[in-house]
2 protein chains.
Amino acid sequence: MHSYAQLLQKVNEKIANNHFGSKPDELYQPITYMMSLGGKRLRPVLTLMASDMFSAQVETALDAALAVEVFHNFTLVHDDIMDNAPLRRGHETIYKKWNMPVAILSGDLMMIKSIEILARTNYTPFVDLLEVFNTTAAEVCEGQQIDMNFETRQDVSHEEYLEMITLKTAVLLGASLKIGALIGGASKEDANHLYEFGKNIGIAFQIQDDILDSFGEVAQVGKRIGGDIASNKKTLLLIELLACAHKDDLKYLQQLFGETDETIKINEVLKLYQKYQIKQFAESAKQQYLNTAFNHMSQIQCAEETKSVLISTANELMERMS
Amino acid sequence: MHSYAQLLQKVNEKIANNHFGSKPDELYQPITYMMSLGGKRLRPVLTLMASDMFSAQVETALDAALAVEVFHNFTLVHDDIMDNAPLRRGHETIYKKWNMPVAILSGDLMMIKSIEILARTNYTPFVDLLEVFNTTAAEVCEGQQIDMNFETRQDVSHEEYLEMITLKTAVLLGASLKIGALIGGASKEDANHLYEFGKNIGIAFQIQDDILDSFGEVAQVGKRIGGDIASNKKTLLLIELLACAHKDDLKYLQQLFGETDETIKINEVLKLYQKYQIKQFAESAKQQYLNTAFNHMSQIQCAEETKSVLISTANELMERMS
């Protein structure tokens, strides 16, 4: 079994040694730039980790791991255009450093290359791997569109919100694990349990993210507290508050949405969160998804010690964020 | 053997009956809209035509034909954003009818769906089909970027121009045929000859397009004559003129690039084209690619009568344009 650090090194070497293409420079330089910006490489490491649970040949899953990371970065490149984002991981986005057409086209090419790289994997029948990848890729696009739709909607339900975060971020964690497991030789059942583990952990991460934005420490979150509140973002916390607050508080909340003094806005919404025990609600929802995740993990038919790296990775990620 | 009209009907039925997806509406409505705008459906018809040359089961190639058309439309959706184009086939572009994020995301989803649809094809090994598709998809993106680069360059060579049109438009015609041929059971050699036939025909089409823009009839071209000249577009004609004109004429040409009266500009450049026999040069280049195309066709190992539909289609397309 390999540690996160060991697998991360394999992923980073794979990325550094991959030749995406050369001509024209205007397309391949942005791709190399984007892929070199780093990050924790969670998704490709998950692919290797899942493969490592079932096979001693973790290298066999390296192409698939790279494909997952290239796909993830493609979504970031296009998201940055749609969000008009100037920075990504502390560096200029492709959209800002080059221009919009280059960001559209280099993103398109990354999507195509992700399939090309996946196709190098020696797995039979290959269409089974491709189906997991494609279904997930389509879902990630759907999730992004649903998230954009929320910006202009006031009536987002809990279910709709949970579906959105599932599609936008959680399914790719599930698919990263499932693809690795299949390549490692896992049964369909075990691969599906790992998919559900990753998906549910992903939903829990996202809820945790929502909680920390309102109740975290600046040092821990790495950004100011209350950013979601300031931008009226529909998080699970706000959706729950809208669902359970009394009439007068709802009226006050609507008024706060238009408040221009951000400090007042954030403090007053936090007071409402406290009054209605919104943090407890979100913590309980998060715990439910964690329970589901670990329940799936417990059903996987392999020696318990082979599960330890993935389990401690999930726990560490949750702790680092809590 | 089926006629173009018969195959077109099969393609149109396939498109009309395909369910791309449903939720969210904001993503799937634009896709259905774009795919319903029509057009001559040249690429998917070529896929069926090539399959028809080697197999009686043309339906087997229908998914691949649809995949090629969905991919082609994905490129149009993103091109329209980059070109800031208001109209496509006489209807509003997705970019204008919805907005830029919807056009980016629905394009992305069409790219993903094209692979998903291709993967329904029963062909072994499937990765062979996928490789043709992926390589071509990447080349089309490269060609689009090279074309954009030309806008700000004055020193485009004949070779660079021909490489650009090859990548941007010709390889997809070649790949449409090759994929159909492989599904129909053609040998690798015959499939490659068909690829070269399609690619070279595609280059000839594009040169013909350049010629018609300067020397066609309005009724035939469907748009005003001299549009390329008015916009200083680097066509094969202009590149040749820049390469062979005498110093004084070159100086005058540079001056014409800045001429604001379009009628004067077009007439004066046309005079230079006549002086240097640019039309004859372009006709001869076109003929060379046509010869190469038909030379590949003649090497294909199948009964001559099975080639007739594709040959007459290519001839009719060239004639309709000349």
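The values are calculated or read from the model by the stated rules, or taken from the named source; none is laboratory data. This is a predicted model, so every value here is computed, not measured. Note that each Cβ is placed from the backbone with ideal geometry, even for glycine, and that neighbours are counted across all protein chains shown. All accessible areas refer to the heavy atoms of the entire protein, side chains included, with ligands and DNA or RNA removed. Shrake-Rupley method; radii C 1.70, N 1.55, O 1.52, S 1.80 Å.
Quick notes on this structure:
- Residue match in the stretch A:126-142 (condition: touching a Gly at 6+ places or on another chain (Cβ under 8 Å), facing chain B (nearest Cβ under 7 Å), within 20 Å of B:Leu109 (Cβ to Cβ) and not polar (S, T, N, Q)): yes
Here is a yes/no grid of residues against (1) at the interface with another protein chain (Cβ under 9 Å from one of its Cβ atoms); (2) open to solvent by 10 Å² or more (accessible area, probe 1.4 Å); (3) out of contact with any strand residue (DSSP E or B) (no Cβ under 8 Å at 6 or more places or on another chain); (4) over 15 Å from B:Ile112 (Cα atoms):
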| residue | (1), (2), (3), (4) |
| --- | --- |
| A:Met100 | yes, yes, yes, yes |
| A:Ala103 | no, no, yes, yes |
| A:Met110 | no, no, yes, no |
| A:Asn122 | no, yes, yes, yes |
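- Residue ID - farthest from the other protein chains (Cβ to nearest Cβ), chosen from residues in the stretch B:1-21 that are over 24 Å from B:Asp80 (Cβ atoms) and more than 23 Å from the chain's Cα centre (by Cα): B:Met1
- Selected residue [in contact with a strand residue (DSSP E or B) (Cβ under 6 Å, 6 or more places away or on another chain) and either within 14 Å of chain B (Cβ to nearest Cβ) or surrounded by fewer than 17 Cβ atoms within 10 Å (Cβ to Cβ) (or both)] from A:Leu27, A:Leu37: A:Leu37
- Test: residue in the stretch B:279-291 that is surrounded by 17 or more Cβ atoms within 10 Å (Cβ to Cβ), polar (S, T, N, Q) and assigned to a helix (DSSP H, G or I): no
- Here B:Leu118 fulfils each of the conditions (1) in contact (Cβ under 8 Å) with a residue 40 or more places away in the chain; (2) of a type in the set (A, V, I, L, M); (3) more than 10 Å from chain A (Cβ to nearest Cβ) apart from (3).
- Per-region count, the stretch A:194-209, residues more than 13 Å from A:Leu173 (Cβ to Cβ) and surrounded by fewer than 24 Cβ atoms within 10 Å (Cβ to Cβ): 2
- Single condition B:Ser55 does not satisfy, out of (1) of a type in the set (S, T, N, Q); (2) open to solvent by 10 Å² or more (accessible area, probe 1.4 Å); (3) at the interface with chain A (Cβ under 10 Å from one of its Cβ atoms): (3)
- Taking (1) away from every other protein chain (no Cβ under 14 Å); (2) open to solvent by less than 10 Å² (accessible area, probe 1.4 Å); (3) without any contact (Cβ under 8 Å) to a residue 24 or more places away in the chain in turn, B:Leu87 satisfies each apart from (2).
- Just one of (1) part of a helix (DSSP H, G or I); (2) in contact with an Asp or Glu (Cβ under 8 Å, 6 or more places away or on another chain); (3) free of Cβ contacts under 8 Å to residues at least 12 places away in the same chain fails for A:Glu259. It is (1).
- Out of A:Lys271, A:Lys251, A:Lys233, sole residue that is outside any helix (DSSP H, G or I), without any contact (Cβ under 8 Å) to a residue 60 or more places away in the chain and open to solvent by 40 Å² or more (accessible area, probe 1.4 Å): A:Lys233
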